[in-house]
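Reading through the structure tokens given below for one structure.
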Amino acid sequence: MIGTVRRCRFCGGSAIVNLRYARLSLCGDHFKEYLVKRIGDTMRRYEMVREGDHVLVAVSGGKDSNTLLHILHALSGELKLRLTALHIDLGIGEYSDRSRAAVEKLVSELGVDLVMIDMDDDLGLTIPGLAESHRRRKACSICGVVKRYVMNRVAKSVGADRIATGHTLDDFVQYAVKEFLVQNWDQLLRITAVSEPLDGLAPSRIKPLAEVTERETLIYALTAGIPFYHEECPYSERRTMEYRIKEFMNLLESDHPGIKISFVRKYLKRVGRIGVNIEVEGTPPRPCKVCGMPASGDVCSFCKLVSLALGANEGRTKLGELLKRLDEASKT
Ligand code: SF4
Ligand code: ZN
Ligand code: ZN
């Protein structure tokens with residue numbers, strides 16, 4: 001049997017994508033238009049931004065966050081946003097080199113301001129180096145602390161009102177299902193599309209791709225010719241519970257189209273707005289005694305992590321220099 005060619009619902013041209021959950025086939029141009037509109041609608045529905053906001057967009061060089069920057073750029077006139085991109089070069093060999101190159105190419109094509117934090121050059125640290133000095137800790141947990149800290153610090157330094165990250169619907173599903181399975185209710189309630197700012201300590205975080213799948217960001221990136229690096233970080237692991245949940249949910253989605261989006265929509269509608277910048281369950285954040293950034297105890301996770309890597313005795317002095325260099329790098 002000869003297969004039928006699907007037609008775009010809007011122009012009748014040949015469709016490149018069939019969104020089963022929405023029963024919608026679209027050509028490349030109409031898919032791009034559709035996704036930009038959908039993300040704009042999500043941002044309005046969850047009141048992610050206000051007119052005139054300065055948004056710091058965290059871009060890793062992968063398809064999700066590079067697509068996010070491209071789409072926020074397309075929406076920036078209509079939503080009246082000022083954008084600054086932030087990339088952290090983690091110092092993970094070829095993975096970091098190629099991710100950084102993709103970000104540099106994209107921002108130069110879009111003409112968006114870029115803050116580049118090169119961990120090795122600007123801080124004298126790298127993720128492999130930190131993982132080496134904290135052998136009992138997973139590299140991804142160290143990387144999470146560093147990224148969260150740098151995002152908050154750079155946002156403060158450039159005066160950003162919001163930090164936008166490229167978390168997708170698939171990320172939401174896998175985190176939420178995992179926290180449900182391990183019965184971690186505090187963490188589960190912190191999975192939101194938009195968080196309130198922490199009084200003077202950190203701006204609001206927004207996740208405009210909360211209702212967009214990774215498949216959709218990939219199709220958008222390929223159709224729009226967005227540069228991105230597609231290889232996985234050498235530290236990423238496939239045997240984690242999150243990864244298995246993702247595989248399972250994709251299997252479920254193929255039998256029950258729309259189950260992922262309906263889960264996330266209903267979940268976000270009920271959870272509402274809760275501060276998610278908090279580091280540890282239940283403790284209200286306060287300024288770190290060393291650096292003034294959000295902490296759940298006296299000293300924040302970043303200062304503890306870095307002091308240990310720099311050496312207990314000299315830690316404090318070197319840490320002060322390092323934070324100064326970080327602030328200087330944010331301004332370039
Ligand atoms: Fe960082 Fe882990 Fe992601 Fe690699 S896989 S970039 S180490 S969080
Ligand atoms: Zn079309
Ligand atoms: Zn600190």
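The values are calculated or read from the model by the stated rules, or taken from the named source; none is laboratory data. Quantities reported herein were computed from a predicted structural model and do not represent experimental measurements. All Cβ positions, even for glycine, are placed from backbone atoms using ideal geometry, and neighbour counts span all protein chains on display.
Looking for whichever is surrounded by 19 or more Cβ atoms within 10 Å (Cβ to Cβ) and in contact (Cβ under 8 Å) with a residue 24 or more places away in the chain here; the options are Met116, Met48. Which one fits? Write out each step before concluding.
Working: Met116 fails: surrounded by 19 or more Cβ atoms within 10 Å (Cβ to Cβ).
None of the others qualify; the one that does is Met48.
Every listed requirement among (1) out of contact with any Gly (no Cβ under 6 Å at 6 or more places or on another chain); (2) more than 13 Å from ligand 1 (Cβ to nearest atom); (3) not aliphatic (A, V, I, L, M) is met by Asp120 save one, (1).
For the condition assigned to a loop (DSSP other than H, G, I, E, B), crowded, with 21+ Cβ neighbours inside 10 Å, more than 16 Å from ligand 3 (Cβ to nearest atom) and at negative phi, Thr217 does not qualify. Among the small types (Gly, Ala, Ser) and in contact with a Gly (Cβ under 9 Å, 6 or more places away or on another chain) - does that describe any residue in the stretch 32-55? No - not one qualifying residue is present in the stretch 32-55. Within the stretch 189-214, the set of residues being closer than 25 Å to Lys37 by Cα, aliphatic (A, V, I, L, M) and assigned to a loop (DSSP other than H, G, I, E, B) comprises Ile191, Ala193, Leu209, Ala210, Val212.
Take the residues in the stretch 1-17 that are surrounded by fewer than 19 Cβ atoms within 10 Å (Cβ to Cβ) and modelled with pLDDT of 95 or more, then tell me which one is nearest to ligand 1 (Cβ to nearest atom). Can you show your working first?
Step one: of the stretch 1-17, the residues surrounded by fewer than 19 Cβ atoms within 10 Å (Cβ to Cβ) are 1-7, 9-14, 16.
Within this subset, residues satisfying the condition of being modelled with pLDDT of 95 or more are 7, 9-14, 16.
Working: Arg7: 40, Arg9: 37, Phe10: 37, Cys11: 39, Gly12: 42, Gly13: 38, Ser14: 37, Ile16: 30 Å.
Looking at the filtered set, the residue picked out is Ile16.
Glu179 meets each of the listed conditions (1) surrounded by 17 or more Cβ atoms within 10 Å (Cβ to Cβ); (2) touching a residue at least 60 places away in the same chain (Cβ under 8 Å); (3) away from ligand 1 (no atom under 16 Å from the Cβ); (4) assigned to a helix (DSSP H, G or I) apart from (2). In the set Arg153, Arg148, which member is part of a helix (DSSP H, G or I), among the charged types (D, E, K, R) and either under 15 Å from Val59 (Cα atoms) or within 16 Å of ligand 2 (Cβ to nearest atom) (or both)? Answer to the selection: Arg148.
Within the stretch 35-58, can one find any residue that is within 16 Å of ligand 1 (Cβ to nearest atom), touching a Phe, Trp or Tyr at 6+ places or on another chain (Cβ under 9 Å) and of a type in the set (Gly, Ala, Ser)?
Of all residues in the stretch 35-58, those within 16 Å of ligand 1 (Cβ to nearest atom) come to 58.
Checking which are touching a Phe, Trp or Tyr at 6+ places or on another chain (Cβ under 9 Å) leaves us with none.
There is no residue in the stretch 35-58 that is within 16 Å of ligand 1 (Cβ to nearest atom), touching a Phe, Trp or Tyr at 6+ places or on another chain (Cβ under 9 Å) and of a type in the set (Gly, Ala, Ser).
Filtering the stretch 223-266 to residues that are among the charged types (D, E, K, R), in a helix (DSSP H, G or I) and under 27 Å from Phe31 (Cβ atoms) leaves Lys246, Glu247, Glu253, Asp255, Lys260, Arg265, Lys266.
Against the numbered list (1) more than 16 Å from ligand 1 (Cβ to nearest atom); (2) modelled with pLDDT under 95; (3) in contact with a Leu (Cβ under 8 Å, 6 or more places away or on another chain), Met241 comes up short only at (1).
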